Amino acid sequence: MYQKNPSISKGIDWLMVWLYIAIIIIGLLCIFSVEYKSGESVTQTLIGFKKNYSKQLFYFGACSILAIFILLTDSKFFTATANLSYLIGIVLILATFVIGKEIKGSKSWIPLGFMNLQPVELCKIFTALALAKYLSMQDTDFRKPTSQLIAAAISFAPAALSILQGETGLALVYFSFLIPMYREGLPPGYLISGVAMAVLLVISLLFHTKTLLIAFAILAAIVLFFNRRQVKRNKTFLLVIVGVWMICSLFVGVAVPFVFNHVFKKYQADRIFSMVGVDNPFTGNKSGGLSTDEEKQKLKKNEQQNYNVKQSKIAIGSGGFAGKGFLKGTQTQGDFVPEQHTDFIFTSVGENFGFLGSAGLLLLYLLMLLRIIKLAERQRSAFSRVYAYSIAGIIFFHVAINICVTIGLAPVIGITLPLMSYGGSSLLTFTILIFILIKLDADRQMVLR
């Protein structure tokens, strides 16, 4: 029979704790390296609470206390309050439309005085718990389309609201919940279809629409020619080929032009096409109802973001193999890289510690992801397993997108580097996510629903 842990330390996976602390310390050093100026008193700036590294240290202390509180909480609390917390998260996101504070063009923040809270960031915790709660219910048959639609609605409702707030980057992170759904039996056809659509989208950015339509028609004709005997025996095979051809043609010939002409604004479309090194071939309503002055401001912002990426790549490249050394980075110390303490914090790692330091940081993230997967697979409870895979997906998406943005492989969309980037909301979110997992793992002999 299961007995409640008599000690806070019993059953805790200390490797996860040390990985968490190690990444945070590296983040603090990087924030310090981009803000510290020669001759400043470190003690006074820490006490003065004016520098971002002093604030981040305070957030770390507060998160440490919160982590202890989570470890002292009964694991059943998280299952009992999963649906309620999800509802509260949705309400908080909706509240930003009324009382939200606009920061960097996104009205997704609630001012609390000592910090700004971003509900859509915090809602990742509630979504992970709600999804785990639903998929672990005894009457949930995830093989049925209805159950799959409900799980998708739970996962993507906050993402839809995030897009309305202008936080497209954070909305993308919610696609990480496809990972636990796939682990729990989501048919691989969904993922294959999603990857195929992504590949089609990239191809449609690189080649002209008419060229692709002709290529699809020729390819379909070639497949039919070489499989003509099978087509005569099985008409279903013919329907599949024709169906795939029609879907690809409609996606490239209708869906993509419609999105770039009527959904994306001109500066957004230009940014996407500049990412793959081609000019924007689409015309139409690109301004999205903006006036000329507003459009110029948006284009200026786009140029600024391109400048950010350019300076970021220079900083990382200047670090070389072993880096310039701590506090010796000319790009980061000279404030050439905007947002280098938040979204572009990886530039500090690259310049100060070079390829070796960057690889070491990525190795820490990889160890954390592998450890989370190991914890997930040893759980008795489906609730804990789904939650663990949700955390792995969230961290993976954040790390992958942030670093791709930093080195110019993705458009600037405002994604933090987990436990590294400055910010109370981000650090608080990842602390809660990780320590709930550590607590659930400590009580892994329990069967939670």
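Scan the range 370-407 for residues that are of a type in the set (A, V, I, L, M, F, W, C), crowded, with 17+ Cβ neighbours inside 10 Å and over 27 Å from GLN311 (Cα atoms) and jot them down.
ILE372, LEU375, ALA376, ALA382, PHE383, VAL386, ALA388, ILE391, ALA392, ILE394
What residue, of SER381, SER425, SER390, is farther than 20 Å from PHE355 by Cα and under 13 Å from the mean Cα position of the chain (by Cα)?
It is SER390.
I'd like to check something: does the range 387-397 contain any residue that is farther than 24 Å from ALA151 by Cα and either of a type outside the set (Lys, Arg) or in contact (Cβ under 8 Å) with a residue 40 or more places away in the chain (or both)?
No, that holds for no residue.
Is there a residue being more than 15 Å from THR416 (Cα to Cα), buried (at least 24 other Cβ atoms within 10 Å of the Cβ) and modelled with pLDDT of 75 or more anywhere in the range 311-329?
Within the range 311-329, none of the residues are more than 15 Å from THR416 (Cα to Cα), buried (at least 24 other Cβ atoms within 10 Å of the Cβ) and modelled with pLDDT of 75 or more.
Which of (1) in a helix (DSSP H, G or I); (2) polar (S, T, N, Q); (3) in contact with a Lys or Arg (Cβ under 8 Å, 6 or more places away or on another chain) does GLN138 not meet, given it meets every other one?
Among (1) in a helix (DSSP H, G or I); (2) polar (S, T, N, Q); (3) in contact with a Lys or Arg (Cβ under 8 Å, 6 or more places away or on another chain), the lone unmet condition for GLN138 is (1).
Would you mention how many residues in the range 123-151 are within 25 Å of ILE432 (Cα to Cα) and out of contact with any helix residue (DSSP H, G or I) (no Cβ under 8 Å at 6 or more places or on another chain)?
Going through the range 123-151 one residue at a time, the tally reaches 1.
Out of curiosity, is ALA128 at pLDDT 90 or above and surrounded by 21 or more Cβ atoms within 10 Å (Cβ to Cβ)?
Judged against the criteria, ALA128 is a match.
Are there helices (runs of 4 or more DSSP H) fully within the range 164-217 with at least 1 residues that are of a type in the set (Phe, Trp, Tyr), in contact with a helix residue (DSSP H, G or I) (Cβ under 7 Å, 6 or more places away or on another chain) and free of Cβ contacts under 8 Å to residues at least 12 places away in the same chain? List them.
In the range 164-217, 178-183 are the helices (runs of 4 or more DSSP H) which contain 1 or more residues that are of a type in the set (Phe, Trp, Tyr), in contact with a helix residue (DSSP H, G or I) (Cβ under 7 Å, 6 or more places away or on another chain) and free of Cβ contacts under 8 Å to residues at least 12 places away in the same chain.
Among ILE247, ILE214, which is exposed (fewer than 15 other Cβ atoms within 10 Å of the Cβ) and not assigned by TED's automatic domain parsing to the domain that holds ILE163?
ILE214
The values are calculated or read from the model by the stated rules, or taken from the named source; none is laboratory data. Just so you know, these numbers come straight off a predicted model, no measurement behind them. Because the Cβ atoms are built from the backbone with ideal geometry, glycine has one as well, and the counts that use them run over all protein chains shown.
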